Amino acid sequence: MRLGGLEAGGTKMVLCVGDEKGEIFEQISIPTGTPAETVPDIIKWFSDKNIDALGIGCFGPVDVSPASPTYGQILDTPKLPWVHYDLLKELQKDIKVPMKIDTDVNGSCLGEMVFGCAKGIDSVVYVTIGTGIGVGIAIGGRLVHGMLHPEAGHIIVNKHPEDKGNCICPYHDSCLEGLAAGPSMEKRWNKKAYDLEDNDLAWEIESEYIAQALVNYILTVSPQKIILGGGVMNQTRLFPLIRKKVTKLLNGYLNTPELKDMDNYIVPNSLNDNQGILGAMELGRQAYDEEKAK
Ligand code: ADP
Ligand code: ZN
């Protein structure tokens, strides 16, 4: 089977062709411009690739309910040229194969479940901490959608007593994204996040916010594994800090084998940053199977 994958991001689009085993035959990346600039290039690239299906992991917010009349439409986003753009329908006009779209973080979560460190596990939380914070959730093997899609990056957290910065989310006074995404760290310290190597307090505060959020995800979703990705998590020193704080905040309330093995419970992504595109290909495979079953 030849599967197309599209990882639609705010700054770049990653396109690939591969197979259901996760082998990638060909992959390119193009900058994200306006839909009029970018979508014709995507269509052109796939036009001679002979794909059987296409899966898309897309920046949010996006309508991910297959039953909705606006399935595959970008919703209100700060990326103004994309507001209410019918991405899926526009692609379907020219690429006549089964397609499925989900959020980028759900795509990454799925990629890890099928090909990566969460293989064989069916309840997983995938958190990406970069320019924003996104959370993909799978419960019982199914990616969670609901009325929209979970926006757990905006979960409310308690302010760290030593944090002199502010929550920069335009909507919330004390949410995870507003306090812990890359731009928030940079505003707090007036430095690029990767230049904060020597600032222990910066990582103490950062790990506290992430740990608070993870505890809430653990208590609500009961995931068997939590995967952390995104630019900020390149700071691998965060992992031991987060694990320690999660254990402390849970305070012995839950006793599971997973939580006793924190090093294998809260982990970095495992697919060399291909988790999103591999997840997109898997969405394509599902679209193909669902079409066949009709
Ligand atoms: P995006 O979220 O836009 O897809 P990234 O996941 O790369 O992109 O996240 C970008 C954010 O991550 C920026 O705010 C940047 O400062 C931060 N970042 C990138 N690399 C590092 C690093 N090595 N250490 C700390 N922060 C980083
Ligand atoms: Zn917020």
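Bear in mind that the values in this text are calculations on the coordinates, not laboratory data. Worth saying up front: this structure is predicted, and the values here are computed from it rather than measured. Don't worry about glycine lacking a Cβ; one is built from the backbone with ideal geometry, like all the others, and counts go over all protein chains shown.
Structure notes:
- Exceeding the 27 Å Cα-Cα cut-off - candidates Lys21/Lys49; Lys159/Lys248; Lys12/Lys292; Lys79/Lys159: Lys12/Lys292; Lys79/Lys159
- Qualifying GluC sites (Glu not before Pro) in the stretch 168-241, where qualification requires a DSSP coil assignment and no more than 14 other C-beta atoms within 10 Å, comprise Glu197.
- Listed residue (Asn190, Met13, Val124) projecting farthest to the positive dipole end of the chain, Cβ model: Val124
- For the stretch 281-294, 3J(HN,Hα) computed residue by residue from phi via the Karplus equation (6.51, -1.76, 1.60; θ = phi - 60°) reads 4, 5, 4, x, 4, 5, 4, 4, 5, 5, 5, 5, 6, 5 Hz, glycine and proline entered as x.
- Kirkwood Rh, Cα atoms: Rg over Rh of the chain: 0.97
- Tilt relative to the chain, helix 35-47 - C-alpha long axis, 0 to 90 degrees, to 10: 60
- Dipole magnitude (debye, nearest 20) for the chain, charges at Cβ of Lys, Arg, Asp, Glu: 300
- Relative contact order of the stretch 157-267, taken over Cα pairs closer than 8 Å and 6 or more residues apart, is 24 percent.
- Cα-centre dipole for the stretch 16-140 with unit charges at Cβ (Lys and Arg positive, Asp and Glu negative), debye to 20: 100
- Farthest positive-ward along the chain dipole, Cα basis, beta-carbon charges - from Leu75, Ala202, Leu259: Leu259
- Listed values for the stretch 78-93 are Karplus-derived 3J(HN,Hα) couplings in whole Hz (6.51 cos²θ - 1.76 cosθ + 1.60, θ = phi - 60°), namely x, 7, 3, x, 9, 4, 6, 7, 7, 4, 4, 5, 5, 5, 5, 4, and x replaces Gly and Pro.
- Placed amide H near Arg2: partners under 5 Å, 5+ positions off or other chain: Asp52
- Cleavage-rule hits, chymotrypsin sites (Phe, Trp or Tyr not before Pro), the stretch 242-294, DSSP coil, Cβ neighbours within 10 Å at most 11: Tyr253
- Dipole moment magnitude, nearest 20 debye, the stretch 181-282 about Cα centre, only Lys, Arg, Asp, Glu C-beta charged: 260
- The trypsin sites (Lys or Arg not before Pro) of the stretch 154-213 that meet both conditions, a loop assignment by DSSP and at most 10 other Cβ atoms within 10 Å of the site Cβ, are Lys164, Lys192.
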